[in-house]
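Worksheet: the structure to be examined is printed underneath.
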Amino acid sequence: MGEIVAAAIFGHQPSIMAPEAMRKAMGRGTDTTLVAPGMKNLRDALDAARADTLVVFDTHWFTTIEHVVAGAARFRGIYTSEELPTLITDYAFDYPGAPALAESVAAVAKERGLRLTNATSPHMAQHYPTLNVVHHLHRGEKVLSVGTCQTAEPHNFLDLGACLAEAIARLPDGRIALVGSGGMSHRFWPMDVILQHGTFHTDDLISPEARDIDLRILGLWRDGHHAAVLDLLPEYQRFHPEGFFAHYLTLIGAIGGRDCKAPGRQLSEYENAVGTGQVHVWFELGR
């Protein structure tokens, strides 16, 4: 039987793909902790969990009328970010998919009346929330990327997570790590001033109010109060959590939803990325 052995929020902001010297120049002499020690902390935790599959909830892969999973056996190609080609250009990727898990997800979704497509084309467009995870964390694991349906509401993402959990349990084996690849509050500074706020310091977040509610969410995560986070969603949506917060909602739906009590352990500092809130958080399962 397959099992979920890990769950984490991954701050995928694109500067983590830049060379250290460039990152420090962006940070005016200070590097992002998302890379060091953040990536080592995440990889060490994945090693301890002995994960063999990474399920990545991708907050840049937007779908419209249904949930979609990328179920091809392998993905390879060369990627340049349409958003920030100065930071991610001609990046060569080659990694195995998780077709058996994708098929299981599609089967459970059909039984539950959940609208979902298993897209098996190896030419599925790539997005850097998945590729940044692959670049920094992948050590040969199978990878299943999951899109963000832009017409979905919170309960739709929670339902998708519950569907995924059952699909994993139906596998004959597998140690699955859930990776919510996305940020927290997500508003950028206007173009005329954005470069003035490029440090990783939280003073450069879009507003003190955005920082305060992000820190409130982080506190609830730390204490395992996921029901309270769900109750806070209407207020939090005013601060535009990245990808409708789908990466967190789907992840938490897979590990218990409102009943989940898994405490969150920060593996990086909470940081700014041109106005947005970024952090790595590891949820302690079995607690």
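Is one or more of the residues making up region 256-263 assigned to a helix (DSSP H, G or I) and of a type in the set (D, E, K, R)? Can you show your working first?
Initially, region 256-263 is screened for residues assigned to a helix (DSSP H, G or I), giving 257-259.
The next check asks that each one be of a type in the set (D, E, K, R); those that pass are 258-259.
Yes, the conditions are met somewhere in region 256-263.
How about region 25-42: which of its residues are part of a helix (DSSP H, G or I), surrounded by 15 or more Cβ atoms within 10 Å (Cβ to Cβ) and at pLDDT 95 or above? So that I can check it myself, show each step before the final result.
So in region 25-42, the residues part of a helix (DSSP H, G or I) come out as 25-26, 38-42.
Now narrow it down to the ones that are surrounded by 15 or more Cβ atoms within 10 Å (Cβ to Cβ): 26, 38-39, 41-42.
Within region 25-42, Gly38, Met39, Asn41, Leu42 meet the criteria.
Pairs needed: first member in region 79-96, surrounded by 15 or more Cβ atoms within 10 Å (Cβ to Cβ); second member anywhere, assigned to a strand (DSSP E or B) and of a type outside the set (Ser, Thr, Tyr); C-beta distance under 6 Å; at least 6 residues apart or different chains.
Cβ pairs passing all conditions: Tyr95/Phe75; Tyr95/Val143; Pro96/Arg74; Pro96/Lys142.
So, in region 1-16, exactly how many residues are assigned to a strand (DSSP E or B) and under 16 Å from Lys142 (Cα atoms)? Break it down into steps so the answer makes sense when it comes.
Start the filter on region 1-16 by keeping residues that are assigned to a strand (DSSP E or B), which leaves 3-10.
Those left that are additionally under 16 Å from Lys142 (Cα atoms): 3-7.
Residues flagged as assigned to a strand (DSSP E or B) and under 16 Å from Lys142 (Cα atoms) within region 1-16 amount to 5.
Within region 60-100, track down each residue that is of a type in the set (Asp, Glu) and over 29 Å from Glu153 (Cβ atoms).
We begin by selecting, within region 60-100, every residue of a type in the set (Asp, Glu); these are 66, 82-83, 90, 94.
Of everything in region 60-100, those that are of a type in the set (Asp, Glu) and over 29 Å from Glu153 (Cβ atoms) turn out to be Asp90, Asp94.
Does region 221-244 hold any residues that are of a type outside the set (Ser, Thr, Tyr), assigned to a helix (DSSP H, G or I), touching a residue at least 12 places away in the same chain (Cβ under 8 Å) and within 27 Å of Phe62 (Cβ to Cβ), and which are they? Show your work before the answer.
The first filter runs over region 221-244 and keeps only residues of a type outside the set (Ser, Thr, Tyr), leaving 221-235, 237-244.
In the following step, the residues that additionally are assigned to a helix (DSSP H, G or I) were identified as 221-222, 226-235, 237-239, 242-244.
Checking the rest, the ones that are also touching a residue at least 12 places away in the same chain (Cβ under 8 Å) come to 221-222, 226-227, 229-230, 232-233, 235, 239, 242-244.
If the condition is that a residue be of a type outside the set (Ser, Thr, Tyr), assigned to a helix (DSSP H, G or I), touching a residue at least 12 places away in the same chain (Cβ under 8 Å) and within 27 Å of Phe62 (Cβ to Cβ), then Trp221, His226, Val229, Leu230, Leu232, Leu233, Glu235, Phe239, Glu242, Gly243, Phe244 are the ones that fit.
Only one of Asp203, Asp214 is over 21 Å from the mean Cα position of the chain (by Cα) and part of a helix (DSSP H, G or I); which?
Values: Asp214 fails: over 21 Å from the mean Cα position of the chain (by Cα).
None of the others qualify; the one that does is Asp203.
When the residues of region 43-53 are filtered to those that are outside any helix (DSSP H, G or I) and under 18 Å from the mean Cα position of the chain (by Cα), which remaining residue is surrounded by the fewest Cβ atoms within 10 Å (Cβ to Cβ)? Steps first, answer last, please.
We begin by selecting, within region 43-53, every residue outside any helix (DSSP H, G or I); these are 50-53.
Next, from what is left, pick out any that are under 18 Å from the mean Cα position of the chain (by Cα): 51-53.
Details: Ala51: 23, Asp52: 17, Thr53: 23.
Filtering first and then ranking leaves Asp52.
Checking the structure you have, find out if any residue of region 183-193 is among the polar types (S, T, N, Q), touching a residue at least 24 places away in the same chain (Cβ under 8 Å) and on the phi < 0 side of the Ramachandran plot.
Initial filter on region 183-193 (among the polar types (S, T, N, Q)): 185.
Narrowing further to those that are touching a residue at least 24 places away in the same chain (Cβ under 8 Å): 185.
After this cut, where a residue has to be on the phi < 0 side of the Ramachandran plot as well, the list is 185.
Checking region 183-193: at least one residue is among the polar types (S, T, N, Q), touching a residue at least 24 places away in the same chain (Cβ under 8 Å) and on the phi < 0 side of the Ramachandran plot.
Listed residues Gly113, Gly180, Gly97, Gly161; which is on the phi > 0 side of the Ramachandran plot and out of contact with any Asp or Glu (no Cβ under 9 Å at 6 or more places or on another chain)? Show your work before the answer.
Values: Gly180 fails: on the phi > 0 side of the Ramachandran plot; Gly97 fails: on the phi > 0 side of the Ramachandran plot; Gly161 fails: on the phi > 0 side of the Ramachandran plot.
Result: Gly113 is the single residue among Gly113, Gly180, Gly97, Gly161 that is on the phi > 0 side of the Ramachandran plot and out of contact with any Asp or Glu (no Cβ under 9 Å at 6 or more places or on another chain).
What's the number of the only condition in (1) out of contact with any strand residue (DSSP E or B) (no Cβ under 9 Å at 6 or more places or on another chain); (2) surrounded by fewer than 16 Cβ atoms within 10 Å (Cβ to Cβ) that Ile65 fails to meet?
All conditions are met except number (1).
Mind telling me which of the residues Glu242, Glu235 ends up being buried (at least 21 other Cβ atoms within 10 Å of the Cβ) and not small (Gly, Ala, Ser)? Give the steps one after another, and end with the answer.
On the way: Glu235 fails: buried (at least 21 other Cβ atoms within 10 Å of the Cβ).
Only one candidate qualifies: Glu242.
The values are calculated or read from the model by the stated rules, or taken from the named source; none is laboratory data. On a predicted model such as this, the values are computed, not experimentally measured, just so you know. In this analysis, Cβ positions are derived from the backbone assuming ideal geometry, glycine residues included, and neighbour counts consider all displayed protein chains.
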